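Below is one structure, written out as structure tokens; the observations come after it.
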Amino acid sequence: MKEWNSFDKITKAKGMWLVDSKGHKMIDAVASMWCNVWGHSNPQLVRTITNQSKKLQHSSMFNITNEPAEQLADSLIKMSPGMHKVFYSDNGSSAMEIAIKIALQYWKNIGEKKTEIATVENGYHGDTFGAMAVGYVPQFFGKFKKQLFQTLQFPVPNNYRLPKGYTLSDYQNECLEKIEKKFSKNNNIAAFVMESGAQVAGGVIIYPKGFQRKISQLCKKYDVLFVLDEIATGFGRLGSMTQYQEQKSIPDIVAYGKMLTGGYLTMAATLANKKVYDSFSGEFNDWKHLFHGHTYTGNPLAASVANENIDMYKKNNLIKKVQKTSKVFEKYYDEISEIDIVGDIRHKGMLMGIELVTDRKKKTPIHPKKSINKIFYEIGKKNGIYLRTLGNIVMLVPPLAISEKELNSLLTRTIKTIQDAKSQVI
Ligand SMILES: Cc1ncc(COP(=O)(O)O)c(C=O)c1O
């Protein structure tokens, strides 16, 4: 914290650009924590919030409901094959806590004793305790290890850091075999929890083809609930509305957040299939219902802007547009790889991770005395770009509706920033 003795204040933002109190402009390369879809100050979304605030700004979801939340639940179910009901919360971590509670309680509700949770190494599902437990990233959560409940963790194939002598396909098979071996011996596993399509905060690890699908099949075979986190990767980030459809891996429970409201208000949702939902339905004294609720659950302002956002996805054919615009990243692969501190580039849709190393052969992560994030923030600011790195990885996660021209500009500014930062990070 000593490094950050003062912070720049963002006072306004328009389109892809953030403006601070001194008038500096920065292109928003991380979509304001990976959630912004249409750019800032979008008139349609602003109008929606204003109009809804004149009708109903908030009422609880205890005993009663509201129109925007009901409408949103309908469209979330329509866009999510296999899902049956929606449970609202106001941030991604809570949505995952809810997913875990639903999964564990399901087995109790049907009178079976399954209590363990399986995950993949290096996942990230948020910073609350349950989310930390299922998404253990050692650097983030190490200090709380003793307080976190135990999970069964399985390795993830990472093409850049394969064990010696392995091809990606060998290693993928080995990872899957490990899961099957455990599943076949241990029938106490309640759920398998993983990010859908890629691990984002864990270092932009894009799963090889078939990995997620095979895990979903193993879950079916061994009667384990399959729980997916699409908070960072769904809603078009990786080039499709739901990653689980692209990965052919229908979950029992799935969570959305971040881009759900276009990045305008805070809201998240946990969806469950009929099998899971039905287990919660009983007489009052059966106590099968889920004891979980937040003050702002189903907030009508957030729900109305989410409805407008989803409508805009359809009207603007955003997913097709993302698939086209994201090709701009590919034009820069060579130029980025030529920078000698770049070890690897991982890219899918509107997500790119650039891994920085001091030694390309040994793949040694850069590890300067000052935080890499701070160095990149400051140099980025000079180059007119807002960057936030994760460890030694430069994250590019722009607003989805960014134009090709703006994305070109974002990538050029990123390349200049990596070059300018070189002398400070090695
Ligand atoms: C995959 C994933 N799940 C959950 C979360 C937690 O969401 P929130 O920060 O809204 O609590 C994040 C946040 O980055 C995430 O990337």
Notebook entry, point to check: In terms of modelled amide H atoms, which long-range or inter-chain residues lie less than 5 Å from the amide H of His125?
Noted result: Gly135
Margin query: Below 8 Å between Cα atoms, with a sequence gap of 6+, how large is the relative contact order for region 294-369 in percent?
Written below: 17
Checklist line | Residue-averaged [θ]222 nm for the chain, counting only DSSP H segments that reach four residues, each worth -39500 (n - 2.57) | finding: -11500 deg cm²/dmol
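What whole-number volume per residue, in cubic angstrom, does the convex hull of the C-alpha atoms of region 46-315 give?
Details: hull volume 36.5 nm³, N = 270.
Considering the Cα atoms of region 46-315, their hull volume per residue is 135 Å³.
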Check: So which trypsin sites (Lys or Arg not before Pro) in region 248-328 end up in coil per DSSP with only 14 or fewer other C-beta atoms within 10 Å?
Finding: Lys248
Notebook entry, point to check: What residues have an amide H closer than 5 Å to that of Tyr207, excluding those fewer than 5 places away on the same chain, when H is modeled at 1.01 Å from N in the peptide plane?
Noted result: Ala198, Gln199
Next item on the list: Using θ = phi - 60° and the Karplus relation 6.51 cos²θ - 1.76 cosθ + 1.60, list the HN-Hα couplings for region 196-203 in order, rounded to whole Hz, with x at every Gly or Pro.
Entry: 9, x, 6, 8, 9, 5, x, x
Next item on the list: Read phi for every residue in region 174-184 and hand back ³J(HN,Hα) as whole Hz from Karplus 6.51 cos²θ - 1.76 cosθ + 1.60, θ = phi - 60°, with x for Gly and Pro.
Entry: 5, 4, 5, 4, 4, 5, 5, 4, 5, 4, 6
Item checked: Hz values of 3J(HN,Hα) by residue in region 70-85 - Karplus curve (6.51, -1.76, 1.60), Gly and Pro given as x -> 5, 4, 5, 4, 4, 6, 5, 5, 4, 8, 10, x, x, 8, 10, 9
Note to self: For Cα pairs less than 8 Å apart in space and 6+ apart in sequence, what is the mean separation divided by the residue count of the chain, i.e. the relative contact order in percent?
What the structure shows: 23
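Mind checking region 249-313 for chymotrypsin sites (Phe, Trp or Tyr not before Pro) that DSSP puts in a loop (not H, G, I, E or B) and that have at most 12 other Cβ atoms within 10 Å?
On the way: sites: Tyr256, Tyr264, Tyr277, Phe280, Phe284, Trp287, Phe291, Tyr296, Tyr313; in loops: Tyr264, Phe280, Trp287, Phe291, Tyr296.
Taking region 249-313 and a limit of 12 other Cβ atoms within 10 Å, the loop chymotrypsin sites (Phe, Trp or Tyr not before Pro) found are Trp287, Phe291.
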Notebook entry, point to check: Any idea what the dipole of region 27-175 comes to, in debye rounded to 20, about its Cα centre with Lys/Arg Cβ at +1 and Asp/Glu Cβ at -1?
Noted result: 260
Checklist line | Charge dipole of the chain about the Cα centre (unit charges at C-beta), most positive-ward option of Met312, Tyr166, Ile341 | finding: Ile341
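Where both partners of a DSSP beta bridge lie in the chain, what percent of those bridges are antiparallel, to the nearest 5?
The answer is about 65 percent antiparallel.
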Margin query: If packing is taken as the average number of other Cβ atoms within 10 Å across a peptide's residues, how do 133-143, 219-229 rank, most packed first?
Written below: 219-229, 133-143
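When the dipole is taken about the Cα centre of region 162-280, and only Lys, Arg (+1) and Asp, Glu (-1) are charged at their Cβ, what size is it in debye, to the nearest 20?
On the way: 15 positive and 11 negative charges, 46 e Å.
Approximately 220 debye in magnitude.
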Margin query: Tell me which trypsin sites (Lys or Arg not before Pro) from region 145-182 have a DSSP coil assignment and no more than 11 other beta carbons within 10 Å of their own.
Written below: Lys164
Note to self: If the reach is capped at under 24 angstrom between alpha carbons, list the lysines near Lys369, excluding any in the same chain fewer than eight residues apart.
What the structure shows: Lys2, Lys143, Lys361, Lys381, Lys382, Lys416, Lys422
Next item on the list: Could you give the size of the charge dipole of the chain about its Cα centre, using +1 on the Cβ of each K and R and -1 on the Cβ of each D and E, expressed in debye and rounded to the nearest 20?
Entry: 680
Item checked: Estimated Rh, region 20-80: Kirkwood, alpha-carbon pairs, angstrom -> 14.8
Next item on the list: Taking the dipole about the Cα centre of region 46-315, with the C-beta of Lys and Arg at +1 and of Asp and Glu at -1, give me whichever of Leu72, Asn273, Ile49 is farthest to the positive side.
Entry: Asn273
Margin query: Projecting each Cα onto the charge dipole of the chain (Lys/Arg +1, Asp/Glu -1 at the beta carbon, about the Cα centre), which of Val204, Phe376, Ala190 comes out farthest on the positive side?
Written below: Phe376
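A short reminder: the numbers here are calculations on the coordinates, not readings from a lab. Quick caveat, the model's predicted, so the values are computed rather than measured. Virtual Cβ from ideal backbone geometry, glycine too; neighbours counted across all protein chains shown.
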